[in-house]
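Novice: One structure follows; several queries about it will come next.
The values are calculated or read from the model by the stated rules, or taken from the named source; none is laboratory data. Keep in mind that this is a model prediction, so the values were computed, not measured. Counting neighbours? That spans all protein chains shown, and the Cβs are built from the backbone with ideal geometry, glycine included. Ligands, DNA and RNA are excluded from the accessible area calculation, which covers all protein heavy atoms including side chains. Shrake-Rupley method; radii C 1.70, N 1.55, O 1.52, S 1.80 Å.
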Amino acid sequence: MGQIEVHDLCKTFKVAEREGGLGAAMRSLLFRKHRQVHAVDHISLDIKAGEVVGFLGPNGAGKTTTLKMLSGLLHPTAGEATVLGHVPWRRESAYLRRISMVMGQRSQLNWDLPAMDSFLVHLAVYNVEKAAGRAALDELVELLSIGGVLKKQVRTLSLGERMKCEICVSLLHSPSVLFLDEPTLGLDLTMQDRIRDFIREYNRHHGATIILTSHYMADVTALCKRIVVIDHGRILFDGPLADLSARLAPFKIISIDLQDDVDGYAFERMGEVVAHEGRKVTLRVGKEDAAAVTSRLLADLAVQDVTIQDPPIEDVIRQVFASGRGTHP
Amino acid sequence: MLRHLRLIWLFTRVSIQDTAAYRTDFFAHVLVTIFNGGAELVGLWTIFSNTRSLNGWNAFQMVALLGVFRTMNGIIGMVIAPNMRLIMDDIREGKLDFIILKPINAQFYASFRRVIVWRLADIALGLGLVAVACVKLSASLTADKLLMFLVMLSAGSVIIYSFWLVLATLAFWLTRVNNMEMVFWNVFEAGRYPVDIYRPTVRLGLTYVVPLAFITTFPAAALVGKAQASGVALAVLFAAAALAAGSSFWRYGLRHYSGASA
C-alpha cells in the first residue's frame, strides 16, 4: 500500500482557440472554437511514505497539473487518486492539514509584512498547538538560517531569502506530504544548492514524502532516487535514476585523445561523432557496441587516452523529449 | 466559532501592523474623511435652508441617514472591499490556490484576511453623526427603535457583503472585474439620500438590484421611527437569502475554478 496511489488519472482542458487579427477576435466573440488539451493522460503512480520523487519534463508536460490534482486544487477529468488515504479534491481539512504545496513562481507570503507575521497567521490557520508551532518554527529558522530576515518586510528580501521563507511557511504545520513545484526557479546556483540540501535534510529528519517538479536536472539528480519522466501528459519513465539512461538512452560516450593528427579515418563508421576537435574525438555508441568499438579504435589508432562514460542525464532527457519516444516501465 | 473570532482578531492585529507602516496615509485619510463629512453637512444645511422636510425626512433625520451612510462606507472600506479586491487579484494571479489549500473555510479566510484599520475614522464619524441625531431626536427615541436600528444595520452589512462576494466571484469567469467597483461606488453615492425621493423604478433598483435601501435608508428609518417591525423582518430575511445566494455562488465559482463543474 503506497501513501500516494494514482490510477489512470486524466485531466483535459477545454481551450478557446482563435487566430490573430481583429477579424478573428470579433468572430471569436460569437463563435468560439474549442480544442481539447490532454494535460494529463492516464497517469498511474504508487509512491511510498518517505520517498522523494522527481517529476521531470518540459514546460507544459503535465507535471504541475498532476501536482494540482494530487494536492486537491484540481478535479481530474477521469481516474482515481488517494493521498494519505484521502481523495485529494474533496479537500477535507483533515487532509489539507497534512500536506503542503510550494510554488516557485507564486508567493503565499504577504509582501507588505515581515515574514514572521505570515508565519504566525499560518500557524493559527492550521490550528497548530503553541509549543509545537514554536518548535517547528525554531527548527526551520535554524535549518534555513533565516533568523536575520524574519523581521524584514518580505518585499525587501532577495529572491533566495524569500524562497527560504516560502519554504519555511509551508512546513510550519509539519506536513507528511510535500508538493514542491519548481522550488529553485530563478535562484542562483549557490542558493539552489542550499535549498536542495535543506530538502534532503528535511526528508531525512521528518520522513516526509516529497514530490518535486523541476526542469533543472540538478534538482532531481541531487534529491530524488526515483524519477518520473512526463511528456505530453504521459509517463515515459518511472524508476530509479540509475536506470533512466540505460532504459531511455542505451548509449555510451567514448572520448579519445590521439597521439598524432589523423586524417581520413572514418570515425562516423564507428558511431555518431559528437565532437571532433584536433586530436580529441567524442563518439556516441550503442551500449552493446561500446567494448568492440573501443578495442577497434585502440587497434587502429595511436591513442593516448580513452574514457567511456554514460551520457549526461541532461542529454538523455533532451533526446527523449526531442524524439517523443519513450518506454513504459 | 470562538476559533474564527480569534482568527479575525489575529488578521486584524497583523493588518494594523501592516497599515501602521503608512502613517502619512492614515492622517491624509482622516483629513479626507473629515472634509467629506463636512461637505455632506454643508450640502444638507443648504437643502434645509430652503425646505423643512425632504420627502418626509427632517434635518436631523437626514443627519442620522448621513451617519448611517458614513458608517456603512467605513464598514465596506475597512473589511469588505479590501478583501474582495484581494480575491479578484488572487484569482487573476493564480494565488487563490493558497487560500483553497488552507484547512479552513475558504470563504471565511478570503473574506477577513485584511482589515484597513484607518477606515475606522469613517465609522467613528458616522456613528458620531448618528449620536448627534439621536440627541436631537431624543424625545422620540426608544429602546426598541435602537434595537431595530442595530438589527437593520447588521442586516445591511450582511447584504452588502453578499453583494460584493458575488462581484468578486465573477472574477472566476471575467478576468477584469475591478471596473465594476467604480460603478458600485458611484451608485453607492446615491445612498446618502433616502430612497423614497427617487422615482419608483429607480427606487426598486436601489432596493433589490443594488440593495442600497437596505444598507442606508432602512437602518436610518428604523432609528427615526419610520420603520415597521415587518420591515425589520423583511430585511433579516433578505439578508439571510442574500448570504445564502452569495455563498453558493462563491462555491459554484470555486467548483468551476477547480474544474469540478466542467
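Novice: Please compute the modelled spin-label separation between B:R23 and A:A246, points set 7 Å along Cα→Cβ, answer in nm with one decimal.
Specialist: 6.9
Novice: Would you please give the FRET efficiency between B:M182 and B:V209, computed as 1/(1 + (r/R0)^6) with r the Cβ-Cβ distance and R0 = 22 Å, to the nearest 0.05?
Specialist: So, using R0 = 22 Å, E works out to roughly 0.85.
Novice: Please list, by residue number, every one of the chymotrypsin sites (Phe, Trp or Tyr not before Pro) in segment B:153-262 that is coil in DSSP and has at most 16 other beta-carbon atoms within 10 Å.
Specialist: Sites meeting the loop and neighbour criteria: B:W173.
Novice: Something else: Write down Rg/Rh for segment B:63-109, rounded to two decimals, with Rg from the C-alpha atoms and Rh from the Kirkwood relation over Cα pairs.
Specialist: With Rh from the inverse mean 1/r over Cα pairs, Rg/Rh is 1.20.
Novice: On average over all directions, what projected area in square nanometres does segment B:2-257 have, based on the convex hull of its Cα atoms?
Specialist: Taking the Cα atoms of segment B:2-257, their convex hull projects to 14.7 nm² on average.
Novice: Return the lysines within reach of B:K136: Cα separation strictly under 25 angstrom, same-chain partners fewer than 8 residues apart disregarded; answer none if there are no such residues.
Specialist: B:K145, B:K226
Novice: Can I ask one more? How large is the dipole of segment A:86-196 about the Cα centre if only Lys and Arg carry +1 and Asp and Glu carry -1, each at its Cβ, rounded to the nearest 20 debye?
Specialist: 240
Novice: Any idea of A:T156's accessible area? Nearest 10 Å², probe 1.4 Å.
Specialist: Here the accessible area works out near 90 Å².
Novice: Follow-up question, since we're still on this one. Once the Cα atoms of helix B:178-188 and of chain B are each reduced to a long axis, what angle between those two axes, in degrees from 0 to 90 to the nearest 10, is obtained?
Specialist: 20
Novice: Between A:H205 and A:R318, how many nm apart are label points set 7 Å from Cα along the C-beta direction?
Specialist: Those two pseudo-labels are separated by 3.8 nm.
Novice: Mind giving me the nanometre distance, one decimal, between the label points for B:V30 and A:L298, set 7 Å out from Cα along Cα→Cβ?
Specialist: 8.8
Novice: Looking at the protein assembly as shown only, what percent of DSSP beta bridges run antiparallel? Nearest 5 please.
Specialist: About 70 percent, rounded to the nearest 5.
Novice: Once each part is reduced to its C-alpha centroid, what is the distance from segment B:161-191 to segment B:90-145 in angstrom?
Specialist: So the two Cα centres are separated by 17 Å.
Novice: Let me ask something else about it. Can you show me the helix-derived [θ] at 222 nm for the protein assembly as shown, built from DSSP H runs with n ≥ 4 at -39,500 (n - 2.57) apiece and divided by the number of residues, rounded to the nearest 500.
Specialist: Calculated mean residue ellipticity at 222 nm is -16000 deg cm²/dmol.
Novice: Work out the charge dipole of segment A:30-134 with +1 on the Cβ of Lys and Arg and -1 on the Cβ of Asp and Glu about the Cα centre, then indicate which of A:A132, A:Q105, A:G60 is farthest towards its positive end.
Specialist: My answer, from the dipole projection, is A:G60.
Novice: Under 10 °C and 1.306 mPa s, how fast does segment A:250-310 diffuse according to Stokes-Einstein, given a Kirkwood radius computed over C-alpha pairs? Answer in µm²/s, whole number.
Specialist: It diffuses with D of about 140 µm²/s by this estimate.
Novice: Considering the zone a paramagnetic label at B:T142 would reach in this model (a point 7 Å from Cα along the Cα-to-Cβ line), which residues of segment B:204-227 have amide N under 17 Å from it?
Specialist: It comes to B:221-227, nothing else.
Novice: Per the 1.4 Å probe, what fraction of the accessible area of segment B:2-257, in percent, lies on carbon and sulfur atoms?
Specialist: 68
Novice: While we're looking at this one, here's another question. For Cα pairs less than 8 Å apart in space and 6+ apart in sequence, what is the mean separation divided by the residue count of segment A:250-310, i.e. the relative contact order in percent?
Specialist: 51
Novice: Follow-up question, since we're still on this one. Just how large is the dipole of chain A about the Cα centre, in debye to the nearest 20, putting +1 at every Lys and Arg Cβ and -1 at every Asp and Glu Cβ?
Specialist: Charge dipole of chain A: 1540 debye, to the nearest 20.
Novice: Run the numbers on segment B:74-108: which residues show a drop of 10 Å² or more in accessible area, chain on its own versus all protein chains together, using a 1.4 Å probe over heavy atoms?
Specialist: Those are B:E93, B:G94, B:K95, B:D97, B:F98, B:I100, B:L101, B:K102, B:P103, B:I104, which lose 10 Å² or more relative to the chain on its own.
Novice: Got the relative contact order for chain A handy, in percent, Cα pairs under 8 Å and 6 or more residues apart?
Specialist: It comes to 19 percent, rounded to a whole number.
Novice: What are the principal axis extents of the Cα atoms in segment A:4-246, in Å, biggest first?
Specialist: Extents along the principal axes: 57, 46, 37 Å.
Novice: Which whole-number value in Å² is the accessible area per residue of chain A, probe 1.4 Å?
Specialist: Dividing the accessible area of chain A by its residue count gives 48 Å².
Novice: Here's something else I'd like to know. If you scale each eigenvalue of the Cα gyration tensor by 5 and take the root, what three semi-axes come out for the protein assembly as shown, rounded to whole angstrom and sorted largest first?
Specialist: 64, 25, 22
Novice: Chymotrypsin sites (Phe, Trp or Tyr not before Pro), restricted to segment A:162-232: which are DSSP loop and have at most 15 other Cβ atoms within 10 Å?
Specialist: Sites meeting the loop and neighbour criteria: none at all.
Novice: Report, to the nearest whole %, how much of the accessible area of segment A:81-138 belongs to carbon and sulfur atoms, 1.4 Å probe, protein only.
Specialist: It is 51 percent, rounded to a whole number.
Novice: If you average the sequence gap of Cα pairs under 8 Å that are 6 or more apart and divide by the length of segment A:1-113, what percent do you get for the contact order?
Specialist: That works out to 32 percent.
Novice: Moving on to the next point. Taking a cut-off of 22 Å, what percent of all Cα-Cα pairs in segment B:59-167 are separated by more than that?
Specialist: More than 22 Å apart: 43 percent of the Cα pairs in segment B:59-167.
Novice: Using only the Cα atoms of segment B:114-191, what are the Rg and Dmax in Å?
Specialist: Expressed in Å, the Cα Rg and Dmax of segment B:114-191 come to 16.7, 53.
Novice: With 30 Å as the limit, write out which pairs from A:K33/B:K95; A:K14/A:K225; A:K63/A:K280; A:K68/A:K225; A:K225/A:K252 have Cα-Cα distances beyond it, or answer none.
Specialist: The answer is A:K14/A:K225; A:K63/A:K280.
Novice: Further question: For segment A:10-136, report the convex hull volume of the alpha-carbon atoms normalised per residue, in Å³, without decimals.
Specialist: Each residue corresponds to 187 Å³ of Cα convex hull volume.
Novice: Provide the three semi-axes, in whole Å and in decreasing order, of the ellipsoid equivalent to segment B:148-207 as defined by the square roots of 5 times the Cα gyration tensor eigenvalues.
Specialist: Largest first, segment B:148-207 gives 24, 16, 9 Å.
Novice: While we're looking at this one, here's another question. Return the value, in Å² to the nearest 100, of accessible area buried between chains A and B (probe 1.4 Å, both sides summed).
Specialist: 2400
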